[in-house]
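The values are calculated or read from the model by the stated rules, or taken from the named source; none is laboratory data. Note that the structure is predicted; figures quoted are calculated from it, not measured. Backbone-built Cβ (ideal geometry, glycine too); neighbour counts: all protein chains shown.
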Amino acid sequence: MPRIALIAHDEKKPALIDFVDEHVDAFRECEVIATGTTGKRLNQETDITVDRMESGPIGGDLMIGAEVAKNALDGIIFLRDPLRAQPHEPDITALLRICDVHETPLATNLGSAVPFVESLKRRL
Ligand SMILES: O=C(CO)COP(=O)(O)O
């Protein structure tokens, strides 16, 4: 079963929830982890169940980065808000970097999330 992470900044959480709804059959076949608030909303508002890390600003991105460093994730969808500065920008940069180190698939907007999930479906 693929193991993936889902993360969205506040302004992007509705888009991530809609995206999960749209592809719920694929996400149901995955083990999903998420940062704290994203995970809470996914658990409450979608038909998938996710394992929640800490919230992003208090270490959740780093927890997901640690999973990448262990090669324990098959990919990440991280809908970032490109229009607002984040207090934990260094943590976000660290997560992006470790994905590049490990060649872990990383979709940071809906345009790349679509081919990401299509490739996931082909693996199921
Ligand atoms: O800040 C985040 C990613 O950088 C997301 O964290 P939350 O899911 O806890 O809002």
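So the check is Cβ under 7 Å with 6+ separation or different chains; which pairs have a first residue in segment 9-22 that's at pLDDT 95 or above and loosely packed, with under 14 Cβ neighbours inside 10 Å and a second one that's of a type in the set (Ser, Thr, Tyr) and assigned to a helix (DSSP H, G or I)?
Every condition considered, no pair remains.
Of the residues Asp51, Asp81, which is free of Cβ contacts under 8 Å to residues at least 60 places away in the same chain and either touching an Asp or Glu at 6+ places or on another chain (Cβ under 9 Å) or more than 11 Å from the ligand (Cβ to nearest atom) (or both)? Break it down into steps so the answer makes sense when it comes.
Details: Asp81 fails: free of Cβ contacts under 8 Å to residues at least 60 places away in the same chain.
On inspection, the qualifying residue turns out to be Asp51.
Quick one: is Glu67 of a type in the set (D, E, K, R) and either more than 10 Å from the ligand (Cβ to nearest atom) or in contact (Cβ under 8 Å) with a residue 60 or more places away in the chain (or both)?
Values: of a type in the set (D, E, K, R): yes; either more than 10 Å from the ligand (Cβ to nearest atom) or in contact (Cβ under 8 Å) with a residue 60 or more places away in the chain (or both): yes.
Spelling it out, Glu67 is indeed of a type in the set (D, E, K, R) and either more than 10 Å from the ligand (Cβ to nearest atom) or in contact (Cβ under 8 Å) with a residue 60 or more places away in the chain (or both).
For residues in segment 23-55 being among the β-branched types (Val, Ile, Thr) and under 15 Å from Gly75 (Cα atoms), which is surrounded by the fewest Cβ atoms within 10 Å (Cβ to Cβ)?
Of the residues in segment 23-55, the ones among the β-branched types (Val, Ile, Thr) are 24, 32-33, 35, 37-38, 46, 48-50.
Those still in the list that are under 15 Å from Gly75 (Cα atoms) too: 32-33, 35, 50.
Details: Val32: 21, Ile33: 23, Thr35: 27, Val50: 23.
If we take residues in segment 23-55 being among the β-branched types (Val, Ile, Thr) and under 15 Å from Gly75 (Cα atoms), then Val32 is surrounded by the fewest Cβ atoms within 10 Å (Cβ to Cβ).
Tell me the residue from Pro57, Pro87 that is in contact with a His (Cβ under 6 Å, 6 or more places away or on another chain), in contact (Cβ under 8 Å) with a residue 12 or more places away in the chain and not hydrophobic (A, V, I, L, M, F, W, C), please.
Numbers: Pro87 fails: in contact with a His (Cβ under 6 Å, 6 or more places away or on another chain).
Going through Pro57, Pro87 in turn, the sole match is Pro57.
Among Ile76, Ile7, Ile17, Ile58, which is hydrophobic (A, V, I, L, M, F, W, C), within 9 Å of the ligand (Cβ to nearest atom) and touching a Ser or Thr at 6+ places or on another chain (Cβ under 7 Å)?
Working: Ile76 fails: within 9 Å of the ligand (Cβ to nearest atom); Ile17 fails: within 9 Å of the ligand (Cβ to nearest atom); Ile58 fails: touching a Ser or Thr at 6+ places or on another chain (Cβ under 7 Å).
Exactly one residue qualifies, and that residue is Ile7.
How many residues does segment 26-48 hold that are part of a helix (DSSP H, G or I), more than 12 Å from the ligand (Cβ to nearest atom) and touching a residue at least 12 places away in the same chain (Cβ under 8 Å)?
Step one: list which residues in segment 26-48 are part of a helix (DSSP H, G or I), which gives 26-28, 36-45.
Right, trim to more than 12 Å from the ligand (Cβ to nearest atom) and you get 26-28, 44-45.
Still in the running and touching a residue at least 12 places away in the same chain (Cβ under 8 Å): 26-28, 45.
Residues meeting the conditions: 4.
If you check Arg123, Arg84, which single one turns out to be surrounded by fewer than 18 Cβ atoms within 10 Å (Cβ to Cβ) and either within 14 Å of Ile4 (Cα to Cα) or touching a Lys or Arg at 6+ places or on another chain (Cβ under 9 Å) (or both)? Before the answer, list the steps.
On the way: Arg84 fails: either within 14 Å of Ile4 (Cα to Cα) or touching a Lys or Arg at 6+ places or on another chain (Cβ under 9 Å) (or both).
When all the criteria are applied, what remains is Arg123.
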